1. For PHE302, indicate whether it is under 22 Å from ALA39 (Cβ atoms) and under 19 Å from the mean Cα position of the chain (by Cα).
2. Which of (1) under 24 Å from ILE216 (Cβ atoms); (2) part of a helix (DSSP H, G or I) does THR299 not meet, given it meets every other one?
3. Is it the case that some residue within the stretch 39-62 is basic (Lys, Arg) and free of Cβ contacts under 8 Å to residues at least 12 places away in the same chain?
4. I'm trying to understand the selection: among the residues of the stretch 1-24, which are outside any strand (DSSP E or B) and either within 24 Å of the chain's Cα centre (by Cα) or over 16 Å from GLU70 (Cβ atoms) (or both)?
5. Within the stretch 39-78, take every residue that is in contact with a Ser or Thr (Cβ under 9 Å, 6 or more places away or on another chain) and among the polar types (S, T, N, Q) and give me the one that is surrounded by the fewest Cβ atoms within 10 Å (Cβ to Cβ).
6. Take the residues in the stretch 106-165 that are acidic (Asp, Glu), exposed (fewer than 15 other Cβ atoms within 10 Å of the Cβ) and at negative phi; name whichever of them is farthest from the chain's Cα centre (by Cα).
7. Name the residue, out of ASP247, ASP266, that is under 15 Å from the mean Cα position of the chain (by Cα) and either within 21 Å of ILE154 (Cβ to Cβ) or at pLDDT below 95 (or both).
8. Within the stretch 277-296, which residues are surrounded by 15 or more Cβ atoms within 10 Å (Cβ to Cβ) and in a loop (DSSP other than H, G, I, E, B)?
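The values are calculated or read from the model by the stated rules, or taken from the named source; none is laboratory data. Keep in mind that what you see is a predicted model, and the values were worked out from it rather than measured. All Cβ positions, even for glycine, are placed from backbone atoms using ideal geometry, and neighbour counts span all protein chains on display.
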Amino acid sequence: MIIDMHAHVFAEDALGRLRKSYGRHVPSLTLNQPEFYDAKRRIALMDEHGVDVQVLSVTPGNFCYSAPPEAGVAISRAQNDAIHEMVTGNPGRFIGSATVPLQDVEAAQQELDRAVKDLDFTSVEIGTNVNGVNLDSPTLEPFFSKAETLGVPIIVHPINNAGADRMTRYYLGNIVGNPMETTLAIGSIIFGGVLERHKRLRFCWAHGGGFFPYQIGRFDHGYKVREEARANIRKPPSEYLGAMYFDTVTHGEPALSFLVKRMGADRVLFGTDFPWDMGEYDSIPMISEMSSLSEGEKTRVFEENSAKLFNKGR
């Protein structure tokens with residue numbers, strides 16, 4: 001079985017019903033791609049690509065953290081309900097991942113609780129920042145506590161990228177901005193002490209963890225030589241890696257081989273970034289043929305790690 005843990009949904013019908021009430025705060029699908037919302041079209045493409053199961057998460061533009069809290073709650077609930085409908089309507093093909101209105105942390109906790117207990121979701125997806133506020137913000141502590149208590153992993157996807165004003169050309173906002181933003185978020189989580197305070201939290205980082213896997217040594221060196229890097233943590237950053245997972249969206253065998261070697265085959269999960277143009281849809285044969293991975297490691301990357309992390313079939 002091959003599980004794609006990085007697959008996006010745009011719940012167009014559900015969001016359309018909210019536009020009369022919340023207007024411009026409700027995003028619209030600008031691309032003519034029915035695979036964003038049509039389950040049959042999505043499953044057909046999954047079969048074409050060789051994917052058995054997708055973990056469904058909203059497209060990051062639909063976090064809607066800048067919306068007023070009331071709108072944010074309605075938007076999150078509508079999308080979670082739509083994902084739940086897609087999951088229950090197609091047994092065995094989808095797993096639900098929640099979205100929550102982090103602009104209102106109390107409401108985010110309530111929606112996560114509902115999504116896990118009522119909708120049987122097994123993870124939550126959040127952005128790398130909330131309206132420009134990094135993930136180590138004290139305001140987010142209650143949410144992390146709730147996720148830790150519920151035992152759900154947190155998928156983190158870049159949004160509202162830092163330095164976007166310098167990346168307006170050449171599609172750099174995505175090509176460079178996304179992995180850079182993820183690296184910034186990982187740095188905030190580690191150096192901000194989130195993993196020190198919440199030892200049972202698990203984070204899964206999109207796009208192979210950005211530039212972080214290549215720069216772990218730099219993180220550790222900063223911890224060693226700079227007092228401010230030790231303000232909130234009691235051990236080197238590399239010792240927190242056990243709480244972290246990374247998808248395979250690295251766009252090349254050398255990078256993926258390094259990621260698996262550095263993080264371990266138990267910490268890397270197959271993903272495609274479906275159905276975006278930067279998605280990696282030909283990586284199944286590439287991974288299958290990688291001589292640097294044993295057959296057991298390939299099985300863990302393709303299936304076992306995601307099945308364990310997202311409780312497939314629980």
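1. Values: under 22 Å from ALA39 (Cβ atoms): no; under 19 Å from the mean Cα position of the chain (by Cα): yes.
Taking the combined requirement at face value, the residue does not satisfy it.
2. Against the list (1) under 24 Å from ILE216 (Cβ atoms); (2) part of a helix (DSSP H, G or I), THR299 comes up short only on (1).
3. Step one: filter the stretch 39-62 for residues basic (Lys, Arg), giving 40-42.
Of the ones still in play, those that are also free of Cβ contacts under 8 Å to residues at least 12 places away in the same chain are 40-41.
Yes: one or more hits.
4. Applying the first criterion (outside any strand (DSSP E or B)) to the stretch 1-24 yields 1-2, 10-24.
Hits for the stretch 1-24 are MET1, ILE2, PHE10, ALA11, GLU12, ASP13, ALA14, LEU15, GLY16.
5. Applying the filter and picking the extreme gives ASN62.
6. The first filter runs over the stretch 106-165 and keeps only residues acidic (Asp, Glu), leaving 106, 111, 113, 118, 120, 125, 136, 141, 148, 165.
Now restrict to residues that are exposed (fewer than 15 other Cβ atoms within 10 Å of the Cβ): 106, 118, 120, 141, 165.
Keeping just the survivors that are at negative phi gives 106, 118, 141, 165.
Numbers: GLU106: 21, ASP118: 21, GLU141: 19, ASP165: 24 Å.
If we take residues in the stretch 106-165 being acidic (Asp, Glu), exposed (fewer than 15 other Cβ atoms within 10 Å of the Cβ) and at negative phi, then ASP165 is farthest from the chain's Cα centre (by Cα).
7. Being under 15 Å from the mean Cα position of the chain (by Cα) and either within 21 Å of ILE154 (Cβ to Cβ) or at pLDDT below 95 (or both) holds for just one of ASP247, ASP266, which is ASP247.
8. Residues of the stretch 277-296 that are surrounded by 15 or more Cβ atoms within 10 Å (Cβ to Cβ), as a first pass: 279-281, 283-284, 287, 290, 293.
Of everything in the stretch 277-296, those that are surrounded by 15 or more Cβ atoms within 10 Å (Cβ to Cβ) and in a loop (DSSP other than H, G, I, E, B) turn out to be GLY279, GLU280, TYR281, MET290, LEU293.
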